[in-house]
Structures are given as C-alpha cells and as structure tokens.
Amino acid sequence: MADHAAMDKAVSPRGLRIGELARLLGTTTKTLRFYEEIGLLRPSQRSASSYRLYGSEAVATARLVIGLRHLELTIPDLHDVLRLVSDVGRVNL
C-alpha cells in the first residue's frame, strides 16, 4: 500500500479510476466494487463514459477501509468507524 504523500500525488484533478485505485491500494477492483455495493465506499463522480472516479476524500476512505480490514474489523464495525469519522468531521470544536 502506498504512503499518503504518494497517494496524494497519484490522485489527479479528475480522480482515479477504479483500476488505478485498486493498484494503488494493493487490492482488486472486485473488492472496491463490493465495498461500494455495501455502502462503505462511494466514487466521487462518474466520467462521461460512466467510469467510477475517486477523488482524494474517497481515496482516503478506501485506504482506511482496506487498512481496517487488514486488522480484521468486521463489515458492521467498518460502518461504525466510518460513521464516527464522518461525525467527527462535522463537529465544530
């Protein structure tokens, strides 16, 4: 798995296509599509040709999900973590 700096450089303004993201994270497109299907990951947008495009926020989410799966967190636990991360992002400190 690439480090944060390398990942930031890899994300172009248009975003990464699913195959590019899979290679960057050392996973498969099938895995990323599964995470999208169960609501853990969302592409930032779709290209004119309907390709999934992942911006830097989606890339960070994908990296977090992949990392937590390596720690053997369950799918429900991943949903909880992403909900907490999202809630923390909305808190005005």
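The values are calculated or read from the model by the stated rules, or taken from the named source; none is laboratory data. What you are looking at is a predicted structure, and each value in this text was computed from that prediction instead of being measured. Here the Cβ positions follow ideal geometry from the backbone for every residue, glycine too, while neighbour counts run over all protein chains shown. Protein only, heavy atoms only, side chains kept; ligands, DNA and RNA dropped before computing areas. Shrake-Rupley method; radii C 1.70, N 1.55, O 1.52, S 1.80 Å.
Note down the net charge around K30, summing +1 for each Lys or Arg and -1 for each Asp or Glu among other residues with Cβ under 12 Å from its Cβ.
Working: positive: R33; negative: E36, E37.
Net charge around K30: -1.
Under 15 Å from a label point 7 Å along Cα→Cβ of R14: give me every residue in the stretch 31-73 with its amide N that close.
44-55
When all protein chains stay in place, what accessible area (Å², nearest 10, 1.4 Å probe) is found for Y35?
Its accessible surface works out to 20 Å², give or take rounding.
When Rg is the radius of gyration of the Cα atoms in the stretch 25-93 and Rh is its Kirkwood radius, what does Rg/Rh come to? Before the final figure, lay out each step's value.
Numbers: Rg = 12.8 Å, Rh = 12.9 Å.
With Rg and the Kirkwood Rh in hand, the quotient comes to 0.99.
What part of the accessible area of the stretch 34-93, given as a whole %, is carbon or sulfur when the probe is 1.4 angstrom? Walk me through the numbers on the way to the answer.
Working: 2190 of 4130 Å².
Whole-percent figure for carbon plus sulfur exposure: 53.
Ranked from the most accessible area to the least, with a 1.4 Å probe and all protein chains present, what is the order of V88, V81?
Numbers: V88 105, V81 40 Å².
Accessible-area ranking of V88, V81, largest first: V88, V81.
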